[in-house]
Amino acid sequence: MAAEALGWWGVPLGIFAGTLRGSAPFLFVSLGECLTEKSGKINLGLEGTLLTGAMSAYAISYLGAEKWGVPSALSPWLGVLVAGCAGMVLGLIHAWLSQQPKVNDIAVGIAMIIFGSGIAFFFGKPFIQPKAPQLPTIDIGGWSTMPAVQSALKISPLFILGVFIAPLMAWFFKSTRWGLFVRAVGDSPDAALAMGVSIKKVRMLCIIAGSFLAGIGGACLSLYYPGIWSESISSGQGLMAVALVIFARWNPIQCLWASLFFGGAQAIGPALQAVGIEQGRYLFNAAPYVLTLLIMIITCSPKKTLSGAPGALGTISG
Amino acid sequence: MSTRKYLYIPRRQVIRGLLATAAFGATSKLWTGCASTPSDTQAGAGGEASPVSDKPLVMGFIYVGAKDDYGWNQAQAMGAAEVAKLSGVKIVEQASVPETKEVQEVMRNMIEQDGATILFPTSFGYFDPHILQVAKDYPEVQFFHAGTLWKEGLPDNIGSYFALVDEGQFIAGRVAAMTSKTGKLGFVAAKPINPVLRNINPFILGARSVKPDIKMQVIFTGDWSLPVKEAEATNSLADQGIDVVAMHVDSPKVVIETAEKRGIYSSGFHAAQNDLAPKGYLTGTAYKWGTIFKNYVEMIQGGKTLMNGGIPHQVIGSLKEGYIELAPFGPAVSEEAKKDAEDVKAKIIDGSMMVYKGVVKDNTGNVEIPAGTAYKITDPKLTQIDWLAEGVIGKTS
C-alpha cells in the first residue's frame, strides 16, 4: 500500500512539496533585496551572490567534513555561515561601488552578477564532483504511512528560519528606530540627513545584510534542495527573486507569499507531466513568469505609480 | 560647466592617439588570436603546426561544461585522460567553454600557443560555425567532433566520431524491468529530440522485452541543465509510485541523488555513477571515448591523417566496437538479471539480437517498424525517429 500511486493527488502534493522545498532560495534573496531596496539602493548582483553562496556553502561543507575533520553534522552549518559571509563580502563591494559619486547601481549590479558568478565558477570547479554533507531536515511527516507525504514534509530548517525572518523584518521596518532610519534613507534621504542619519552607513549596512541573506539562500540550493553544486544551479532564481520584491511591493510578508508562490510554480510542470498531462508543458514550465505578468497587469493602474516603492530608489548619489 | 574643463581633450590629441594605437596593433602580432585578423596568421601558423615526428603529439580537448560533472563532459575527459597516458602524446584541456565565438579563440590559442595539431572540441554546438570556420584557417590541423555532423563537401580536416547508446540502454532497460517491483519506470529527459528519443525508446523496448506490459512515464524538463526542475521531476515520479528512474540530461547527478534520497532505483547515463547512489544505482550506459581516442592516436602516429584519407571522416560504433559499456551493476541487481545482461550483451555483439526489430509500435498505436523488418543501429532511418515507443507515457510535442 505504501508504494501505491497517488494518481491525481500527486499534483497538489507535488506542488505543495515543491513549495516547501524550492521556495527557500527565493525567500532569502527577496528578503535581502527587500532590505536593500528599502534603503534606496538596488542590488541586482544578488544572482551572483546566490551562486557564490551556493558554491562556498557546498565547498565548506565538503572540505569541513572530508579534510578538516569537522563533524559531518556541523560542517553544513559552517557552510551556511561561510555562505553568508561570502555574500557579505560581495555586498561590501557593491555597497562601496554603488555609493561612489555618479555611479549607477543597476550597472554595478550587473557587473556584480558577472563577478559573483565568475568567482563561484572559478573556485567551484573542484567541488562539482564530490558529495558534501547536507543540512539535516525536520521530518514532520511521520504520522503518514505514505512515503510521498513523508518525503514532502521533510522541511529544511533554513526554510523555517526564512519564514520567521519575514515577519521579523516587517516588524523591524515598522516599529523600530533603526527600521525608521532605513525607511527614511530610502524614502527621503534629505529628511534622513536632517535627522542626523548617515545615508552612506545605513545603505552600506543594508546592502551587506541583504547580501548575507542572499548568500544563505545560495546555501539552501546547494545544501538542501537540489543539494548539489553545479554551474547552472541557480538558473536565474536570483534575478527572479529581485523581481519578486517589486511584485511583493517591498513588503517582507508579501515577499514570503510571493516566494512560496514561485517555489510552488516550479513544481507545476513536472507534477502535471508525472500524471500524464503533456499538453502545453512549455506553458506550465513558464507558469511562474506568466503568472507574474498576469498579476502585474491586474494590479497595475494607470493613475498612480507603484505603491510602496521607496522614494529614492535608484537615484544616483551625486 | 565645470565638468567640461577637466574632461576636455584636444581633438588632435585624440586622432594622434588613435593612429598610434592602430599602428601598434598592425605591426605587433599581439592580437594574432583575434578572429578579426585570421588571414594574417594563417600562413605562418600552418607552417609551424605541421607535424614534426620527434615532437610529442599535442591534442587539445575542449569541453562545454565542467569536466567532472558525472555527465557528457566527464565521459569525454576520462577518454582524454586515457590518451594522455600514451607515450608521445601531450594533451591540453579547457573546460566551460561556451558554444560561442569563445570556442574559436580557444581553438586558435591551442593551435598557436600550445602547438596542438589535433583538436577535440567535444560539444555538439561547437561544430557549426565554429569548427568549420577555424578548420578553414588551419588546414594542417585535424578537428574531431563528437557527433554525426560531417558531410561530404565540408573541409577535409574535419572528422566526426560518435558512440550509439541504443544497445546499452536496451540492456539497461531489461535490468530496470527485472528490478522494478511496482512495474512502473520513469524517465527524466531534457528535450524531445532524436538523440534523446533514441535513449528513451531502447530503454522501454528493453524493459518490454522482459515484461511486455511495463509502462514508463517520461518528463521533459525543457533544457539540458535545470537542477531544480530535474529534482522536482524525480520527486514527482517517485510520488507516482515509480521505482526506477532513468535520465538523459547533461549531468545526471541531481536525478540520481534525488532518487537515492527517495529510496528508489536509478539507471545512469554518460558515465558510471555508482558512488552517487550506493544503494539504488542499477547500471547504465557509459561512454568509452578513450577507445575511440586511442584508435585515432594509433592511426595518426602511423602517419595517417584525415587529409590523406587514412582516417575515415565518420567513426561510429557501439557495444561491439567497445565505444560504450555498461556501468558496474549496483547491489540491487539480482544475479539473474546480471547474467541476463551479459547474455544479451553477447547476443547483441554477435548480431543475433537487435534493438530495433519489428513489430515496434509508437505510443499512439502506429506501427513504426513492421514485422520482419529490423534496423541496424547505424541505419540512417533511425536518425529520423521522432516518436515514443509503445509503453511510454508522454508526448514529443
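The values are calculated or read from the model by the stated rules, or taken from the named source; none is laboratory data. Please read these numbers as outputs of a predicted model, since none were measured by experiment. Cβ coordinates were reconstructed from backbone atoms using ideal geometry, including for glycine residues, and neighbour counts include every protein chain displayed. Keep in mind that these areas ignore ligands, DNA and RNA; they rest on the heavy atoms of the full protein, side chains included. Shrake-Rupley method; radii C 1.70, N 1.55, O 1.52, S 1.80 Å.
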Condition met for A:Gly215 (over 21 Å from A:Gln100 (Cα atoms), modelled with pLDDT of 95 or more and of a type outside the set (A, V, I, L, M, F, W, C)): yes
Count of residues meeting criterion [over 18 Å from B:Trp289 (Cβ atoms) and at pLDDT 90 or above] in region B:59-87: 0
Scope region A:268-284; condition free of Cβ contacts under 8 Å to residues at least 40 places away in the same chain and facing chain B (nearest Cβ under 8 Å); matching residues: A:Gly269, A:Gln273, A:Gly276, A:Glu278, A:Gln279, A:Arg281, A:Tyr282
Residue in region A:220-230 that is without any contact (Cβ under 8 Å) to a residue 24 or more places away in the chain and either within 13 Å of chain B (Cβ to nearest Cβ) or of a type in the set (Lys, Arg) (or both) present: yes
Helices (runs of 4 or more DSSP H) wholly inside region B:66-167 containing at least 2 residues that are closer than 23 Å to B:Ile324 by Cα and touching a strand residue (DSSP E or B) at 6+ places or on another chain (Cβ under 7 Å): B:72-84
Strands (runs of 3 or more DSSP E) fully within region B:169-274 counting 1 or more residues that are within 14 Å of chain A (Cβ to nearest Cβ) and surrounded by fewer than 21 Cβ atoms within 10 Å (Cβ to Cβ): B:184-189, B:215-220
Pairs where the first residue, in region B:150-165, is on the phi < 0 side of the Ramachandran plot and the second is assigned to a loop (DSSP other than H, G, I, E, B) and aromatic (Phe, Trp, Tyr), C-beta under 8 Å, 6+ apart: B:Asn157/B:Tyr138; B:Ile158/B:Trp150; B:Gly159/B:Trp150; B:Ser160/B:Trp150; B:Ala163/B:Tyr323; B:Leu164/B:Tyr323
Test result for B:Val244, outside the structural domain of B:Gly79 (by TED's automatic domain parsing) and either more than 23 Å from A:Ala286 (Cα to Cα) or charged (D, E, K, R) (or both): yes
Some residue of region A:40-53 being within 14 Å of chain B (Cβ to nearest Cβ) and either open to solvent by less than 10 Å² (accessible area, probe 1.4 Å) or farther than 26 Å from A:Pro310 by Cβ (or both): yes
Residue list for region B:98-113, restricted to those being under 14 Å from B:Asp137 (Cα atoms) and either surrounded by fewer than 18 Cβ atoms within 10 Å (Cβ to Cβ) or not assigned by TED's automatic domain parsing to the domain that holds B:Asn73 (or both): B:Glu105, B:Asn109
Helices (runs of 4 or more DSSP H) contained in region A:144-244 and holding at least 3 residues under 30 Å from A:Lys125 (Cα atoms) and not small (Gly, Ala, Ser): A:157-175, A:199-223
Total residues in region B:349-397, condition closer than 29 Å to B:Glu321 by Cα, free of Cβ contacts under 8 Å to residues at least 60 places away in the same chain and either within 14 Å of chain A (Cβ to nearest Cβ) or in a helix (DSSP H, G or I) (or both): 4
Subset of region A:108-135 (residues that are more than 9 Å from chain B (Cβ to nearest Cβ) and open to solvent by 60 Å² or more (accessible area, probe 1.4 Å)): A:Ile110, A:Ile114, A:Phe115, A:Phe122, A:Phe123
